[in-house]
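A short worksheet on the structure shown next.
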Amino acid sequence: MAAPARARFVHNRSRRRAADESSDEQQDASSSSSSDDDGGDEEEEEMEVEGSEEEEEEAVADEPAARKSPAAAGRGGRKGPITISLKKVCKVCKKTGHEAGFKGAVYIDCPMKPCFLCKMPGHTTLTCPHRVAMEHGVIPAPRRNTNTSLDYVFQSQVKGKISMVKPRFLVPNQLECDNIKFHQRRVTCLEFHPTKNNVLLSGDKKGLLGIWDYVKLHEKITYDSVHSCILNSMKFDTANDGVLYTASSDGTISSTDLDTGIGSPLLNLNPDGWSGPSTWRMIYGMDLNTEKGLLLVADSFGFLYLLDRRSKERIGQPVLIHKKGSKVTGLHCNPAQPEVLLSSGNDHFARIWDTRKLDPKSALASLAHGRVVNSGYFSPRSGNKIMTTCQDNRIRVWDYIFGNLESPSREIVHSHDFNRHLTPFKAEWDPKDYSETVAVIGRYISENYNGVALHPIDFIDTSTGKLLAEVMDPDITTISPVNKLHPQDDILATGSSRSIFIWKPKNDIDPTEERTSQKVKEYVYGSGSRKKPDGKNDNSSGDDSDGGGGKSKKAKKTRFTHTAKGKGKSKA
């Protein structure tokens, strides 16, 4: 009896093993076919992965019941195939049954949320009236009579600085040249040299400082020893244009000699090194009071520091100017009255201060916003206006700083609410515009231009909310969140991913002549670029994943020229 029993046991065990192998094969075939059916773009795959945990838990919970079910087992004890269906999950509300996000150049809204562009319910981004006409619902502020003594004093001080004749507005809408993959990480800030008109300085997420002469194209230098992480702000020393002040997320302020690249630290908020994110202080906001020789610095905990530019020493104790523990995103001194300071922060406020009597509760005004305030700037000549960029897709303008500041004069709806892996969008004034109405800012939501999804750079009339111009090029499909207008020339510099672009106004020439002799776009490829087998350059828009390993002390001075399709030969 023992031998037959042992034989039956071995026979049953082999049958179970064969059934398990057959079930595994069927399950693999089912999963492979389902993955082939669900194949699509990367966004769909990411949605499936995000929503798969809950579905997998349900499948695991049902698996023991399927094993015990006689119907599933069948007559021969063979288990039925286990199928797992991964439903697509919305990235916004995390629910199944619908999707949200970009499909090419089209943004699909979540039906559970209001319009992504204007944040109002009742319609979608595709049908949003602000997308068709940016000035929809924007009411220009009425003229205001100056009838107080303070108004007369202010006007008498700044009236001589403002021209009564508005110059012709030229839009730099033609791509002149660019530096492809100049940086190893995304560009975070740009600044034109105050005396060398053709020199542009740039900083990136890795802390690298770049200097580029965009007229000579190939003349470029990079310094990677100034900071160890994100370079957030740059200011030139007014007494010596060879010295640059830089602020970084490593918690330091550095005074850098542009000829040698040697930086001397002026302030270090983390002298003991890294001890956790709860104590690590980062510096985002920085500005220079030229009259007093003060360097104003704000950290990620809401505090303001004053530094003497001459003695390079800290003055007094830090002052809490925003909610404790919240990041101060920017600082700007009034150009007409430098002791008046504008700060913006993560606590949903922009505040005006008098630096002569700083106190945590001494703010002259607190301007409330809906979300994080990315930036705040006084108008460049009179300092009479304020413009802020908020993460709620709003550009807010106050026309008179001595008026009622409880509500802005205008709110302009503009697409700049992003998720992550981008430098924050900041609307900046045109320093050459005497009327103090023109601003420039990059756009987040793409538009379909002849079948290509592009992210234009917008020029906006802040007095009416009207879109004056949208600057784009079919070769640039990445987002351009960093934009800087030249203080004297009609030139626009933009930072998109790791590349830098220079724009100039189009020449008014005859169309027939333009077809016969079109200007060639010249591209300079940085040391981080890689040539593909087909001859094209790999200019991916990746952020944290791009960039080569190791630091480069100095970029290779190699010049390449690229002739755009349909254009003539390079003059280089």
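Okay, here's what the table says:
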{"item": "Modelled FRET efficiency - R0 45 Å, Val106 with Glu339, Cβ distances, 0.05 increments", "result": "0.40"}
{"item": "Inter-label distance, nm, simple model (7 Å from Cα along the C-beta direction), Lys361/Lys119", "result": "2.9"}
{"item": "Relative contact order (%) - region 207-260, alpha-carbon pairs under 8 angstrom, separation at least six", "result": "27"}
{"item": "Relative contact order of region 377-487, pairs being alpha-carbon contacts under 8 Å that are 6 or more residues apart, as %", "result": "21"}
{"item": "Percent RCO, i.e. relative contact order, over region 175-504, from Cα pairs under 8 Å lying at least 6 residues apart", "result": "13"}
{"item": "Region 175-504: equivalent-ellipsoid semi-axes (sqrt of 5 x gyration tensor eigenvalues, Cα, Å)", "result": "28, 25, 19"}
{"item": "Linear extension gain, Ser275 paired with Ser407, 0.36 nm per residue minus alpha-carbon span", "result": "43.4 nm"}
{"item": "Over 28 Å (Cα to Cα) - which of Lys324/Lys426; Lys88/Lys327; Lys385/Lys466; Lys91/Lys466 fall in this group", "result": "Lys88/Lys327; Lys91/Lys466"}
{"item": "Average accessible area per residue (Å²) across region 203-247 - probe 1.4 Å, nucleic acids and ligands excluded", "result": "31"}
{"item": "Ranking by accessible area, most exposed first, for Tyr434, Tyr400 with a 1.4 Å probe", "result": "Tyr434, Tyr400"}
{"item": "Exposure of Leu454 as accessible area (Å², to 10), given a probe of 1.4 Å and all protein chains", "result": "10"}
{"item": "Computed accessible area, Glu411, all protein chains, 1.4 angstrom probe, square angstrom", "result": "80"}
{"item": "Cα-projected label distance for Lys312 with Lys506, points at 7 Å along beta-carbon direction, nm", "result": "5.0"}
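The values are calculated or read from the model by the stated rules, or taken from the named source; none is laboratory data. None of the values given here were measured: they were computed from a predicted structure. Please note: Cβ atoms are built from the backbone with ideal geometry, for glycine as well, and neighbour counts cover all protein chains shown. Remember, those area values only see protein heavy atoms, side chains included, never the ligands or the DNA or RNA. Shrake-Rupley method; radii C 1.70, N 1.55, O 1.52, S 1.80 Å.
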